[in-house]
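Colleague: Quick one: this structure, given as structure tokens, is what I'll be asking you about.
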Amino acid sequence: MITYGLLIVAAIYLLAKWVFYHAYKKKALTRSQIDSALVDRLNMAEGSHAD
Amino acid sequence: MQTKLAVQFRKNRRTSHAFERLKTCKKCGGYSVLFDNVCKQCGSRDKFIPVTEYASAMNRIMPWAEAFGAIALVLLAVASAGTLQHLAAAVIGGAAFLFLFFLLRKRYKPYADTYRLHRLLIDHTPAIWRGLRADLQEAVQDMDAAKPKEAYEKLREIGHFLRGEHVKVRKIDCLGRFFIRKDMELELEEIVPASFRQDFVLYLWEAVKVNKRLVRQSVLDYVVAYRYEIAAMEHGKDILTLVAGAALRMKAYVQRYPHFIVDYLDELPRERFHRLCKLMASTPAADRGRLYERCKELAKTRYGFDPEFQGLF
């Protein structure tokens, strides 16, 4: 029974992995978007700490 | 008045994206964008690696960890098989699982790698910001120590990330201390301030004199917005004429700023005016306005004798 249990766990893991990968693909960012997002976050942080 | 300095800037690194300039300390996780190899946070020497290299290492390690987990799961299933039927199920099921697991990973690898890089930069944003603040502090110390070249080179690197007024103003302050030459790698669009600044306009004048390509839309928007303040400056008209002449580089700018250009037509050098006339001559009749009429009139009265202007209109 443990064998079947482990195989079921493996199947669920595979399914979860596919869901995550699919989500990555769906919201796939280009390197330019990642770059702009970083610059925006840094400038927001800078703005909130402006002296 | 401060004496201007003749300087040779350090060669600017070319990167496709700003984050490629970031380097992280392997020992303490601190960040920097400057050139020295000593970590300001922990004092370690030669411990910096580019953040892209760090992300690549993560992208190598994480899949291996996952693969070991998957293989361990299959081996556990095989080891726990009590009967031959269970063993067969474990072997076949495990093989199918591993095949699908590696297939899935191969197919989605580029997306997973990009996502991990994005997550890494999100999680490390506070550390990156602290590193940039420390770099900025160093640049300010250089300015205070009358080392404008060193300060500017640091600010130029920091400016790829922090684009606030305080960075721009410091850059303008430094640039105002140098003799501007054609062989320098100059920036203009990146340092356009939010309000009128005489020192920026003076730098703009020097920079556009040596490189007209620096005049882009944000620069033109600034000049048009503060044209009366600039006109009131010494050499104000020369500056505005120079910028109007540089705007003729692109037809889109001529179409966007005709009211600005038309006011400096009389002062434009012959070569610039000829370029404008050529642009105007190719303008469809429906889009012709005051600028076209003024060009036509001026070409006739001032350059009527010049063969290059004949038959343009």
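None of the figures in this text is laboratory data; all of them are computed from the coordinates on show. In this text the structure is predicted, and so the values were computed from the model without any measurement. Heads up, the Cβs are rebuilt from the backbone with ideal geometry, glycines too, and the neighbour counts pull from every protein chain shown.
Colleague: For the Cα atoms of chain B, what angle does the longest principal axis make with the long axis of helix B:165-175, in degrees from 0 to 90, nearest 10?
Modeller: The helix B:165-175 is inclined about 60 degrees to chain B.
Colleague: If you don't mind, there's one more thing I want to ask. Which of the aspartates and glutamates could a cross-linker span from B:LYS237 if the Cα-Cα distance has to be under 13 Å and same-chain partners fewer than 8 positions apart are dropped?
Modeller: Partners found: B:GLU229, B:ASP263, B:ASP266, B:GLU267.
Colleague: If you don't mind, another one. Set Lys and Arg Cβ to +1 and Asp and Glu Cβ to -1, take the dipole of the stretch B:1-112 about its Cα centre, and tell me which of B:GLN8, B:TRP64, B:TYR54 lies farthest positive.
Modeller: B:GLN8
Colleague: Arrange the following residues from fewest to most other Cβ atoms within 10 Å of their Cβ: B:ASP135, B:ASP263, B:ASP144, B:ASP306.
Modeller: Placing the least packed residue first, the sequence is B:ASP144, B:ASP306, B:ASP263, B:ASP135.
Colleague: Rounded to the nearest 0.05, what FRET efficiency do B:CYS28 and B:THR301 give with R0 = 51 Å and r taken as the Cβ-Cβ distance? Could you check?
Modeller: Computed FRET efficiency for B:CYS28 and B:THR301: 0.10.
Colleague: Kindly list the residues of the stretch B:214-228 that lie in the label zone of B:ARG290, defined by a backbone N under 20 Å from the point 7 Å along the Cα-to-C-beta vector.
Modeller: B:220-228
Colleague: Can you work out the FRET efficiency for the pair B:SER16 and A:ILE12, with r the C-beta to C-beta distance and R0 = 56 Å, to the nearest 0.05?
Modeller: Once the sixth-power term is evaluated, E becomes 0.90.
Colleague: I would also like to ask the following. Only sites in a loop by DSSP and with at most 10 other Cβ atoms within 10 Å count here; which trypsin sites (Lys or Arg not before Pro) in the stretch B:7-95 make the cut?
Modeller: B:LYS11, B:ARG14
Colleague: Related question: Please arrange B:CYS277, B:CYS39 by counting, for each residue, the other beta carbons lying within 10 Å of its beta carbon, fewest first.
Modeller: In order of increasing Cβ crowding within 10 Å: B:CYS277, B:CYS39.
Colleague: Turning to a different aspect of this structure: Sort by residue number and report every cysteine in the protein assembly as shown with no other cysteine beta carbon within a distance under 4.7 Å.
Modeller: B:CYS174, B:CYS277, B:CYS295
Colleague: At a Cα cut-off below 19 Å, give the lysines reachable from B:LYS168, other chains included and same-chain residues fewer than 8 away excluded.
Modeller: By straight Cα distance, B:LYS168 reaches B:LYS147, B:LYS149, B:LYS154.
Colleague: Peptides B:290-297, B:98-105: what's the order by average Cβ count within 10 Å, highest mean first?
Modeller: B:290-297, B:98-105
Colleague: Here's a follow-up. Of B:CYS42, B:CYS25, B:CYS174, how do they rank once you tally other Cβ atoms within 10 Å and put the fewest first?
Modeller: Ascending Cβ contact count within 10 Å gives the list B:CYS42, B:CYS25, B:CYS174.
Colleague: Moving on. Averaged over its residues, how many other protein chain Cβ atoms are within 10 Å of peptide A:6-19's Cβ atoms?
Modeller: 5
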